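J.: Below are the structure tokens for one structure; questions will follow.
Just so it is clear, none of the values below were taken in a lab; they were calculated from the coordinates. Here the structure is a predicted model, which means the values were calculated and not measured. Every residue, glycine among them, receives a Cβ derived from its backbone with ideal geometry; neighbour counts consider all protein chains shown.
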Amino acid sequence: MSEPSLIEQPKSELKTTPKKGPRGQVTVFANWCKGCGICVAFCPTGVLALDDDDHPVVVYPEKCTACHWCDTHCPDLAIIVTKVEI
Amino acid sequence: MPTQFEHTEYMYLRPTKKFPNVWCAGCGIGIVMGALIRAIDRIGLEKDDVALVSGIGCTGRMPVYMDFNTIHTTHGRALAFATGLKIAKPNMKVITIMGDGDAIAIGGNHFIHAARRNIGIAAIVVNNAIYGMTGGQYSPTTPIGAKAATAPYGNIEPPMPICEVAKAAGATYVARSTVYHAVELDRFIEQAIRKNGFSLVEAVGYCPTTYGKMNKLGTTVDMMRLLKENSVSVTAAEKLSPEEREKKIVRGVMHDVEKPEYTQLYEQLIQRVQHAQPANPDKP
Amino acid sequence: MTVKLMQGNEAVGWGAIAAGCKFYAGYPITPSTEIAEMLSRELPKVGGKFIQMEDELASLAACIGASVGGLKSLTATSGPGFSLMQEHIGYAAMTEIPVVIVDVQRLGPSTGQPTSASQGDVMQARWGTHGDHPMIVLCPVSVSQSFDLTVKAFNYSEKYRTPVILLLDEVIGHMREKIELPEFESVERVERIATDVPPEWYKPYGDSLSDVPPMANFGEGYRYHITGLFHDVLGYPTTRLDEIDPWIQRVHRKIERNLNDITLVEEDLSESDKTVVVTYGASARSARHAVKLARQRRTKVGMVTLLTIWPFAEAEISRVARIAKRIIVPEMNLGQLALEVERVAGRNKVVRVNRANGEMVTPQMILEAIEDR
């Protein structure tokens, strides 16, 4: 069974979010991701960006509103969003 | 398997199967798989009560990844295998997973008869408008004028309207969505599985590797944008002229009625027969 | 025991019921239709299910699906339908799913003559589907045997996890004859080997000393994958040679190691018979009469009736070839099983008596061959 490696965002950054509403913690499993770029292109608040290998990285974790667009549209099930209580 | 995360989709994947999945980067089939799992999870079905029956092609490779009773059958015949399984185990939820060529080209006959019988099977057809696995030959849903490996001068055959055919043949639930509208899709799949009768969900998602490349539709992201911009809801489609409607993908529930389901009808038949024949059935 | 006058096709239906068949899916086709009609009537009485599918491909597919769901399943057809079923016969062989297919042979090729007999599907029954695969094919000689061999077909199919083909011909299928029907409770039924390991340890294609893996039915607590692609012991598709080669060996071995059980032969010969008639199906009836006439005229002749035509009875025919100088093979085709007899016994020993126009090979034709006229 392939064990994924993950890029997690540090929890402390979330506390600096000024806006109200739900927040999410984004986790990317790089070894399941095939780099299609769909999550990066369609994230409504611009949380993600592509790195040099065309894999997504979390650049603005505080902007995630837990809308779950990315994890319902990832063909590889390589990204998940967990709702976070602040 | 990232099992330390109690994320819905991961709860239903086979722990012994190798990932990442076999499809190309950005292929919509993976999105349909996620939608299917979410639908099954919301209904609260036991894994042992679910059977996935698939045909041949890229879409047919879906069931192996999921922790249910899964069978990958022959090209076009998934509904026939599913019919036998459903009759043997009427209390199981039997879901067939087919591509467009599998379901209505070679499988066309079984498609209309399963709908006609209204047997309790939920058919999910992933329509990528091409024969992807074999390298991009045209299928019965390839649009007119599109290029394909066996239509180098452009396709001249009109596409088959899968949903209309299912409705005409007798299906009791018919819906269409796209892989861009993944959340709407999983809602339709949930309704289809809950339905006690033959239900069809068509999930449109063009193949980026063959169809997209041969027809210069851009990257996978461009093609997702295309699905978003080129589709309309059923209600909005009614306000369009027929020419405008033809160019759009119409999304929504097309048909939702109640009719007697086949396995229940046969069960009633058995009761009638056995009631009328109390003599020892072993003796000829 | 009840004595009845019964049609061959009907006897096949009763054999299926006696063997525990609970599912029939088929498409009507002459001369097999009576099997479907009989089972449509009788299966509901025993809680079984009958469905007429839209074509023969769907019929065998539905039977395989029902078998995966735990029901013993049967389909019946004739030449044109048998040709359509080949893909799924291969699928059942590849996925090791028990199912019984009855082919009531008509005169072919193509539409041919639906109400005339032949034995023209012998090679097709063995090799009709693509790829290397083993196959068990049984061939009854009478109405009574149609019942018995149907039961045997189901039992082999469950025991060895393989499709089994029952080859009738239009003569046996449509004739009426006396049959002594046994009490169905006394009929021996073999069930597929069930697994007893916890679901997490279950390997649908592995862990068996007998080369036949225990089979769990869908929906009973064991969730696994079945595919027509080459697969590993868990049923997952594979392209690895170290998984493909063992599968090929095991699946052939499970039949080859059990020839004692599978090869059914009736012998009526002695060490001094220099002429032996090797036959099967309806031709055996003519041969029986010809042998009787020949012996009345003091000719020493023996007879071997093959009830199992595939796997071919190599051991038995080799033994016959050591005794006999001439082996006569009457068939209602242009020489299909004769090819096997020639391969084992040598071409110069074999005399073919053929007829492929819908008429039976007559006792007179066989008698002339026996007496070398």
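J.: Looking only at Cα atoms, what is the convex hull volume of the protein assembly as shown per residue, in Å³? Please report the intermediate quantities before stating the final value.
T.: On the way: hull volume 135.6 nm³, N = 743.
Dividing the Cα hull volume of the protein assembly as shown by its residue count gives 182 Å³.
J.: Looking at segment B:89-182, what % of its DSSP beta bridges pair antiparallel, to the nearest 5? Before the final figure, lay out each step's value.
T.: Numbers: 2 of 8 bridges.
Within segment B:89-182, antiparallel bridges account for around 25 percent of the total.
J.: So how far, in whole Å, is the C-alpha centre of segment C:99-153 from the one of segment B:186-243?
T.: Each part's Cα centre sits 47 Å from the other's.
J.: How big, on average over all directions, is the shadow cast by the Cα convex hull of segment B:1-99, in nm²? Walk me through the numbers on the way to the answer.
T.: Values: hull surface 25.6 nm².
Seen from a random direction, the Cα hull of segment B:1-99 projects 6.4 nm² on average.
J.: Something else about it: Given A:35, C:304, B:118, which one lies farthest toward the positive end of the charge dipole of the protein assembly as shown, if we put +1 on the Cβ of every Lys and Arg and -1 on the Cβ of every Asp and Glu?
T.: C:304
J.: How big is the antiparallel share of DSSP beta bridges in segment C:2-186, given as a percent to the nearest 5? Walk me through the numbers before you get to the answer.
T.: Numbers: 8 of 29 bridges.
That works out to approximately 30 percent antiparallel.
J.: Quick one: Debye curve from the alpha-carbon atoms of chain C only, equal weights, vacuum; give me log10 I(q)/I(0) at q = 0.08, 0.10, 0.13 Å⁻¹ to two decimals.
T.: Computed log10 I(q)/I(0) values: -0.40, -0.62, -1.02.
J.: Using Cα atoms only, what is the angle between the long axis of helix C:56-68 and the major principal axis of chain C, expressed in degrees (0 to 90) to the nearest 10?
T.: 60 degrees
J.: Additional query: Would you mind checking which residues have amide H under 5 Å from residue C:102's amide H? H placed 1.01 Å from N; only 5 or more apart, or other chain.
T.: C:75, C:76, C:77, C:166
J.: Would you give the gap between the C-alpha center of segment B:10-75 and the C-alpha center of segment C:179-193, rounded to a whole Å?
T.: If you average the Cα positions of each part, the centres end up 41 Å apart.
J.: With every atom except the alpha carbons ignored, what do you get for Rg and Dmax of segment C:88-208, in angstroms?
T.: Using the Cα atoms of segment C:88-208, the pair Rg, Dmax is 17.0, 54 Å.
J.: A follow-up question, please. Which one, C:190, B:163, C:79, is farthest towards the positive end of the dipole of the protein assembly as shown when Lys and Arg carry +1 and Asp and Glu -1 on their Cβ?
T.: Highest projection toward the positive end goes to C:79.
J.: Cross-link partners among lysines for residue A:20, C-alpha distance below 22 Å, same-chain residues fewer than 8 apart left out?
T.: A:11, A:63, A:83
J.: Over segment B:65-215, what per residue volume does the convex hull of the Cα atoms give, in whole Å³?
T.: Working: hull volume 16.3 nm³, N = 151.
Taking the convex hull of the Cα positions in segment B:65-215, it is 108 Å³ per residue.
J.: Quickly rank C:36-43, B:78-85 as a protection proxy: mean count of other C-beta atoms within 10 Å, highest first. Present the calculation step by step, with values, prior to reporting the outcome.
T.: Numbers: C:36-43: 20.0, B:78-85: 32.1.
Descending mean neighbour count gives B:78-85, C:36-43.
J.: Of all alpha-carbon pairs in segment C:2-186, indicate the percentage at a distance above 30 angstrom.
T.: Working: 1456 of 17020 pairs.
For segment C:2-186, the fraction of Cα-Cα distances above 30 Å is 9 percent.
J.: Is there a quick way to get the dipole size of segment C:207-262? I mean about its Cα centre, with the Cβ of Lys and Arg at +1 and of Asp and Glu at -1; what is the value in debye to the nearest 20? Mind dumping the intermediate values first?
T.: On the way: 6 positive and 9 negative charges, 14 e Å.
Dipole of segment C:207-262, to the nearest 20 debye: 60 debye.
J.: Dipole of segment B:73-123, Cα-centred, from +1 at each Lys and Arg C-beta and -1 at each Asp and Glu C-beta, to the nearest 20 debye? Could the numbers behind the result be given before it?
T.: Values: 6 positive and 2 negative charges, 57 e Å.
That gives a dipole near 280 debye.
J.: Of C:59, C:70, B:172, which is farthest towards the positive pole of the protein assembly as shown's charge dipole, taken about the Cα centre with +1 and -1 on the beta-carbons of Lys, Arg and Asp, Glu respectively?
T.: Working it through, the farthest residue towards the positive pole turns out to be C:59.
J.: Compute the long axis of helix C:241-256 from its Cα atoms, compare it with the longest principal axis of the Cα atoms of chain C, and write down the angle in degrees, 0 to 90, nearest 10.
T.: Taking the Cα atoms of chain C, the angle to C:241-256 is about 40 degrees.
J.: Another question, if that's okay. What residues qualify as long-range amide H neighbours of residue C:303, i.e. H under 5 Å apart, gap of 5 or more or another chain, H built at 1.01 Å from N?
T.: Amide H neighbours of residue C:303: C:268, C:269, C:277.
J.: As I understand it, the value is the acute angle between the Cα axis of helix C:79-95 and the longest principal axis of the Cα atoms of chain C; what does it come to in degrees, rounded to 10?
T.: Helix C:79-95 sits roughly 50 degrees off the main axis of chain C.
J.: For segment C:1-72, max minus min Cα coordinate along each principal axis, in Å, sorted largest first?
T.: 36, 27, 15
J.: Still on this structure, please answer the following. Would you list B:200, C:138 from fewest to most Cβ contacts within 10 Å? Spell out each step's value before the answer.
T.: Numbers: B:200 31, C:138 28.
With the fewest neighbours first, B:200, C:138 line up as C:138, B:200.
J.: Antiparallel DSSP bridges in segment B:8-276: what percent, to the nearest 5?
T.: Values: 7 of 37 bridges.
Antiparallel: roughly 20 percent of the beta bridges in segment B:8-276.
J.: Per residue, what volume in Å³ does the convex hull of the Cα atoms of chain B enclose?
T.: Numbers: hull volume 43.4 nm³, N = 284.
Looking at chain B, the number lands at 153 Å³ per residue.
J.: Another one. Write down Rg/Rh for segment C:309-364, rounded to two decimals, with Rg from the C-alpha atoms and Rh from the Kirkwood relation over Cα pairs. It would help to have the intermediate numbers written out before the result.
T.: Numbers: Rg = 11.6 Å, Rh = 11.7 Å.
Across segment C:309-364, the Cα-based Rg/Rh ratio is 0.99.
J.: Would you please give the FRET efficiency between residue C:220 and residue C:242, computed as 1/(1 + (r/R0)^6) with r the Cβ-Cβ distance and R0 = 30 Å, to the nearest 0.05? Before the final figure, lay out each step's value.
T.: Numbers: r = 31 Å, r/R0 = 1.03.
So the FRET efficiency works out to roughly 0.45.
J.: Within chain B, which DSSP H helices have Cα atoms that stretch 20 Å or more along the helix axis and a mean Kyte-Doolittle hydropathy of at least -1.0? Show your work: numbers first, answer last.
T.: Details: long enough: B:28-43 (23 Å, 1.39); B:262-276 (21 Å, -0.69).
Going by DSSP H runs, the hits are B:28-43, B:262-276.
J.: Also, I was wondering about something else. So what are the three principal axis dimensions of segment C:266-370 from its Cα atoms, in whole Å, longest to shortest?
T.: 31, 30, 24
J.: Right, here's the next one. So how strong a dipole does segment C:266-370 carry about its Cα centre when Lys and Arg Cβ are +1 and Asp and Glu Cβ are -1, to the nearest 20 debye? Don't skip to the answer; put the middle values down first.
T.: Details: 17 positive and 12 negative charges, 101 e Å.
My answer is approximately 480 debye.
J.: Under a 5 Å amide H to amide H cut-off, with H placed in plane at 1.01 Å, what residues pair with residue B:251 once short-range neighbours are removed?
T.: Here the answer is B:232, B:233, B:234, since their amide H atoms fall under 5 Å of that of residue B:251.
J.: Separate question: Of B:18/C:203; B:17/B:47; C:4/C:45; B:216/B:248; B:18/B:47; B:89/B:167, which ones are farther than 22 Å apart at the Cα? Intermediate values should be presented prior to the final figure.
T.: On the way: B:18/C:203 16 Å; B:17/B:47 16 Å; C:4/C:45 20 Å; B:216/B:248 18 Å; B:18/B:47 20 Å; B:89/B:167 26 Å.
Where the Cα-Cα span goes over 22 Å, the pairs concerned are B:89/B:167.
J.: log₁₀ I(q)/I(0) of segment C:181-247 at q = 0.11, 0.26 Å⁻¹, via Debye over equal Cα point scatterers, no solvent, to two decimals?
T.: Normalising to I(0) and taking log10 leaves -0.36, -1.19.
J.: A further question on this structure: Within 10 Å of each candidate Cβ there may be at most 13 other Cβ atoms; applying that plus a DSSP loop requirement, which GluC sites (Glu not before Pro) in segment C:246-342 survive? Walk me through the intermediate numbers first.
T.: Values: sites: C:256, C:266, C:267, C:271, C:314, C:316, C:331, C:340, C:342; in loops: C:271.
Sparse-neighbourhood loop GluC sites (Glu not before Pro): C:271.
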